[in-house]
Amino acid sequence: MLIRAGYEISLFCEQETPLLALLSVHPSRSQDLRTADMIRASNNHPLTTTLDEFGNWRTRTIAPAGLLTLTNDFVISDSGKHDFIDTSAKQIAVGELPDAALQFLKASRYCESDKLSELAWSLFGTTPPGHARVQAICDYAHNRLKFNYQDASQDRTAFGANEERIGVCRDFAHLGIALCRAMNIPARYCTGYMGDIGVPLVPPMDFSAWIEVYLDHRWFTFDPRNNIPRIGRVVMAHGRDAADVAITTTYGPSKLVGFKVHTDPVETLHVKAA
């Protein structure tokens, strides 16, 4: 299937302000792009793009004083299948993990696995290691937290979300990640597009957060927020937690004044246009 996706994001800066953005499709999906994944800035403001330390495309610029709008609109091919599940996937002993996975075992800014270790082992210590243990963790996060956009907080951590029992998709992801790491399972934070394909439409559209967990020498997708396999995920970036994959980061006074995201199957767009 084909998916059309993109965004329009506007920021107002009081002065010239360095800006970083992680808004491009992840290199692992580059071969699926059917049109250019090109970030455009208002007034043809110059942008540069390089790979960051996690292998994500990072865009840099010096935002001018005033309004800067970043836009994108592209078409990408997708299998149209639900997230791949392997219930037989095994947990890998820490001593056998590749070096690249070890950084995703450590506690991080929003995923304090050390503070949740005792809870994790009390809840999941007797669960079968591997897929079943990760799914039990996702079930716990899904049932523990109540989702509400009005409950969004940039300061809430996994420990805080578990205590407050509220949050948005990033909080569900942080809690799942922290509990997995506490159980010696590498887990990383993912951000990207996930439209309402195959499920009821729930406006407004936004970027989504989910997790990837290292089992059986590969990364598997899990989603503590929705907790069901979904169709049409398009990853933009992954890192240790949301701090590593912020959509935009500014180094100076700025305000988000406009934010629109779209993700639609191309077939649906054709029907609407008819």
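Quick notes on this structure:
- Taken over the stretch 86-179, the alpha-carbon convex hull comes to 109 cubic angstrom per residue.
- Among residues other than ARG156 with Cβ under 9 Å from its Cβ, the summed charge is -3 (Lys and Arg +1, Asp and Glu -1).
- Looking at the chain, the accessible area is 48 square angstrom per residue; that uses a 1.4 Å probe and ignores ligands, DNA and RNA.
- Straight-line reach from LYS115: taking Cα to Cα under 24 Å and skipping same-chain neighbours fewer than 8 places apart, the lysines in range are LYS106, LYS146.
- Sum of -39500 (n - 2.57) over DSSP H runs of 4+, divided by residues of the chain (222 nm, nearest 500): -5500 deg cm²/dmol
- Neighbour net charge for LEU19 - beta-carbon separation under 15 angstrom, K R +1, D E -1: +1
- The stretch 1-62 has equivalent-ellipsoid semi-axes of 24, 15, 9 Å, by the square roots of 5 times the alpha carbon gyration tensor eigenvalues, sorted largest first.
- Cα gyration tensor shape of the stretch 183-274, rounded if a/c is under 1.5, else prolate or oblate by comparing a/b with b/c: oblate
- All-pairs alpha carbon distance profile, the chain, 10 Å steps from 0, percent: 7, 28, 34, 23, 7, 1
- Shape class for the stretch 145-237: oblate, because the ratio a/c of the largest to smallest gyration tensor axis (alpha-carbon atoms, square roots of eigenvalues) is 1.5 or more and b/c is at least a/b.
- Remark: the ASP151-ASN44 segment gains 34.9 nm on full extension, using 0.36 nm per residue and subtracting the alpha carbon distance.
- Counted charge near SER117, where neighbours are those whose Cβ lies closer than 13 Å (Asp, Glu -1; Lys, Arg +1): 0
- Kirkwood Rh (inverse of mean 1/r, distinct Cα pairs), the stretch 1-116, angstrom: 17.7
- In summary, the stretch 136-196 shows an alpha-carbon radius of gyration equal to 1.08 times the 2.2 N^0.38 Å reference for compact globular proteins.
- Cα centroid of the stretch 58-110 to Cα centroid of the stretch 1-18, whole Å: 19
- Each peptide in 53-66, 235-248 receives the mean, over its residues, of other Cβ atoms within 10 Å, and ordering these scores from highest gives 235-248, 53-66.
- Computed over all pairs of different Cα atoms, the Kirkwood value for the hydrodynamic radius of the stretch 117-169 is 12.0 Å.
- Result for the chain in a Gaussian network model with C-alpha springs under 10 Å: among LEU105, LEU67, LEU22, the largest mean-square fluctuation is at LEU67.
- Under the criterion of Cα pairs below 8 Å and six or more residues apart, the relative contact order for the chain equals 30 percent.
- Label-to-label distance, ALA36 versus ARG165, with points set 7 angstrom from Cα along the beta-carbon direction: 5.2 nm.
- The phi torsions of the stretch 91-106, fed into the Karplus equation with coefficients 6.51, -1.76 and 1.60 and a -60° offset, translate into couplings of 6, 9, 4, 4, x, 9, 6, x, 4, 5, 8, 5, 5, 8, 9, 7 Hz, rounded to whole numbers, with Gly and Pro shown as x.
- Among HIS174, HIS217, HIS26, the largest mean-square fluctuation in a Gaussian network model of the chain, built with springs joining Cα atoms closer than 10 Å, belongs to HIS217.
- The tail of the calculated P(r) for the stretch 107-147 beyond 11 Å holds 69 percent of all Cα-Cα pairs.
The values are calculated or read from the model by the stated rules, or taken from the named source; none is laboratory data. If you're wondering where the values come from, they're calculated on a predicted model, not measured in any experiment. A quick note on method: Cβ atoms are made from the backbone with ideal geometry, for glycine too, and the neighbour counts reach across all protein chains shown. To get the accessible areas, we keep the full protein, side chains included, count just its heavy atoms, and leave off ligands, DNA and RNA. Shrake-Rupley method; radii C 1.70, N 1.55, O 1.52, S 1.80 Å.
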